[in-house]
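Some notes on the structure that comes next.
The values are calculated or read from the model by the stated rules, or taken from the named source; none is laboratory data. Everything numeric here is computed off the predicted structure, so don't read it as measured data. As a convention, Cβ positions derive from the backbone with ideal geometry for all residues, glycine included, and neighbour counts pool all protein chains shown. Protein only, heavy atoms only, side chains kept; ligands, DNA and RNA dropped before computing areas. Shrake-Rupley method; radii C 1.70, N 1.55, O 1.52, S 1.80 Å.
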Amino acid sequence: MEIKEFIRGSGVLLSIASLPSPYGIGTLGREAYEFVDLLVDLKQKYWQVLPVGPTGYGDSPYQPISGCAGNIYFIDLDRLVDEGLLERSEILEYNWGTDKSEVDYEKIYYGRRSILQKAFERFDTNAQDFRKFKEKHSEWLGDYALFMALKTDNLDKKWTEWPDEYKNLQPVALANYRKQNYNSISFWEFCQFKFFEQWYKLREYANSKGIRIIGDIAFLMGFDSVDVWAQRQNYLICANDKPKCVAAAVPDKYSDKVQVWGNPIYDWNNMAKDDFAWWRMRIRVNKELFDIVRINHFAGMVKIYTVPYDKKKAATSGKWIKGPGKKLINAIKEELDGDLAMVDDYTSAGLLPGVKKLLNKTGWIGTKVLMFAFDGDPTNEHLPHNYTDNHVAAYIGTHDNETIVGSFRDKTEYELAYLYEYLNIDRKAQIPNALIRLLYQSTADVAIVQMQDILELGSEARMNYPSTVGKNWRWRLTEEEALLDENKRAWIRNLAAVYRR
């Protein structure tokens, strides 16, 4: 098996949702292609996106409804106009939100389904490409489409609140439902067909320009997902359909409190019985979407912190559950078949010493984050002078971090003394560019900067505040910001050349 190697280079972290668009949220349309062109102009090699799966309550891409499906919000409506499936006037009938710098998920939620339904009504479901797509993705597509049709019919309630015959997957009831609701189920299959069709074209364009797409994969699933509903045996679920426990995180660099994520926990023993068939399927699908697969929360492979489903006990009754370790790693590596993988392995070495050991056995590359580096300790592993080799992906910050400007805005000069000395600067205004330069000159094979930090935006552009619900995942790049002024462009191009990025 030939294992590919990472090319030394730099890239930008930007969610598809954050692209400019006249329709309320970023899509796989013109603006995505223009962003690829921007990356080329900046002499970049990588575009990292957040998970592209469909989202549920809270809009988090890390609480997906499906481990394989794509987010229908990202389907480019203008392309459907070009294909004769929509009229432009029909799209303009909807209010997609008025703030170009923020996603209004409530408006998107109701409007996207309605406009895509109109496109579906004009679509030929007997088209050969559509039939081939359904056959190719039959492992997951049928269950997903059935789940979404049922969820729609049940007013988008959680599957635990559906009628018993559907909640409990009674074969006769589901068979009758499929017959009676063939068109509703076909609609959801159509949406996935269009998402994948448009994604393939975008990836092909990016690759033709020398840009590799890094795709983040959420380690855990949302509870109200097709995967939990259809394959409950793969999760620690009680007889009353409530999780035995849910995922959480001990206080860390992101939060000084226990973070209750709420995702159900995998039943690793049961998953091992079929050699992690669900994980294998998921990796195969994501290989089609991305040039490089990035596995979120790699520490969960070793063990994961959990709390009771009862919220009253959650803050005080946590415990660790052992992960699948090398067994799952081997299954994923077989499916990758030499393709590249990255992981987010940042965790307390004292708390989870096995994470680094397991990562070293995989051959995959781990992650360093400069925003974790400047605590005044010169031995901090995130400081570039402590990188032991070039086999690493280095970030200034991730989707969970404050932006550079927001992070340092309220720091005192005393608190910034070590940072100033390390970067050889003397004032706050110099920090963003100095950190980008430091990242580029590091030995890390891959250097990734959030678009918000290239633009030197403040807290208003933060993507996620861990442990909160309501205002996350909303930031959008405006058309004016996407142009990026020529001085900034020239500076980044120069950095990429100077540091062989």
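Looking at the square roots a ≥ b ≥ c of the eigenvalues of the Cα gyration tensor of the range 183-239, which shape do they give, rounded for a/c under 1.5, prolate if a/b is larger than b/c, or oblate? Could the numbers behind the result be given before it?
On the way: a/c = 5.38, a/b = 1.66, b/c = 3.24.
The shape class here is oblate.
Give the calculated FRET efficiency between TYR33 and GLU486 to the nearest 0.05, with a Förster radius of 22 Å applied to their Cβ-Cβ distance. Spell out each step's value before the answer.
Details: r = 21 Å, r/R0 = 0.93.
Efficiency at R0 = 22 Å is approximately 0.60.
Specify whether the C-alpha gyration tensor of the range 40-170 places it in the rounded, prolate or oblate class, a ≥ b ≥ c being the square roots of the eigenvalues: rounded for a/c under 1.5, otherwise prolate if a/b is larger than b/c and oblate if not.
On the way: a/c = 1.35, a/b = 1.28, b/c = 1.06.
Verdict is rounded for the range 40-170.
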TODO: Could you tell me whether the range 120-243 comes out rounded, prolate or oblate from its Cα gyration tensor? Rule is a ≥ b ≥ c as square roots of the eigenvalues, rounded for a/c under 1.5, then prolate if a/b exceeds b/c, otherwise oblate.
DONE: oblate
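Take the solvent-accessible surface of the protein heavy atoms, probe 1.4 Å, and return the percent of it on the chain that carbon and sulfur atoms account for. Don't skip to the answer; put the middle values down first.
Numbers: 10400 of 21720 Å².
With neighbouring chains kept in place, the figure for the chain is 48 percent.
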- [ ] About the Cα centre of the range 96-194, how large is the charge dipole given +1 on each Lys and Arg Cβ and -1 on each Asp and Glu Cβ? Please answer in debye to the nearest 20.
- [x] 280 debye
TODO: Identify, among ALA175, ILE396, GLN128, the residue whose Cα sits farthest towards the positive end of the charge dipole of the chain, taking +1 on the Cβ of Lys and Arg and -1 on the Cβ of Asp and Glu, with the dipole about the Cα centre.
DONE: ALA175
TODO: Return one whole number: the accessible area per residue of the range 271-314 in Å², for a 1.4 Å probe.
DONE: 38 Å²
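Could you grab the relative contact order for the range 13-104? Cα pairs under 8 Å, six or more apart, rounded to a whole percent.
Numbers: 108 pairs, mean separation 28.3, N = 92.
It comes to 31 percent, rounded to a whole number.
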Task: Magnitude of the charge dipole, the chain, Cβ model with Lys/Arg +1 and Asp/Glu -1, debye to 20 - done: 1260 debye
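So what's the back-of-envelope 222 nm ellipticity for the chain, counting only DSSP H runs of four-plus at -39500 (n - 2.57) apiece and dividing by all residues, rounded to 500? Please report the intermediate quantities before stating the final value.
Numbers: 21 runs with 199 residues, N = 501.
Theoretical 222 nm ellipticity from helices: -11500 deg cm²/dmol.
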TODO: May I ask for log10 I(q)/I(0) of the range 307-459 at q = 0.08, 0.19 Å⁻¹, from a Debye sum over the Cα atoms as equal point scatterers with solvent left out?
DONE: -0.30, -1.17
Task: Per residue solvent-accessible surface (Å²) - the range 110-256, probe of 1.4 Å - done: 46 Å²
- [ ] For the chain, build the charge dipole from Cβ charges (+1 Lys, Arg; -1 Asp, Glu) around the Cα centre, then report which of ILE265, ILE75, GLY29 sits farthest towards its positive end.
- [x] ILE265
TODO: Under a cut-off of 18 Å between alpha-carbon atoms, report the lysines in cross-link reach of LYS471, not counting same-chain residues fewer than 8 places apart.
DONE: LYS100, LYS107
Task: 15 Å beta-carbon shell around ALA444, net charge (K/R +1, D/E -1) - done: +1
Task: Relative contact order for the chain, counting Cα pairs under 8 Å that sit 6 or more residues apart, in percent - done: 20 percent
- [ ] Taking mean projected area of the Cα convex hull in nm² as the quantity of interest, determine which of [x] 23.7; [y] 22.1; [z] 25.7 was computed from the displayed structure.
- [x] [x]
Open item on the list: Test of understanding: what is the full-extension gain from ASP153 to ASN390, defined as 0.36 nm times their sequence separation minus their Cα-Cα distance?
Closed with: 80.1 nm
TODO: Give me the distance in nm between label points sitting 7 Å out from Cα along the Cα-to-Cβ direction at ASN207 and VAL40, one decimal.
DONE: 1.6 nm
TODO: Take the alpha-carbon centre of the range 429-490, take the same for the range 41-115, and report the distance between them in whole Å.
DONE: 22 Å
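If you take every DSSP beta bridge whose two residues both sit in the chain, what share of them, in percent to the nearest 5, is antiparallel? Don't skip to the answer; put the middle values down first.
Working: 14 of 41 bridges.
Restricted to the chain, the bridges split so that about 35 percent are antiparallel.
Which value, in debye to the nearest 20, describes the size of the charge dipole of the range 182-295 about its Cα centre when Lys and Arg Cβ atoms bear +1, Asp and Glu Cβ atoms bear -1, and nothing else is charged? Show your work: numbers first, answer last.
Working: 16 positive and 14 negative charges, 51 e Å.
Roughly 240 debye, rounded to the nearest 20.
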TODO: Please calculate how many Å² of accessible area the range 388-489 carries per residue, with a 1.4 Å probe and no DNA, RNA or ligand atoms counted.
DONE: 46 Å²
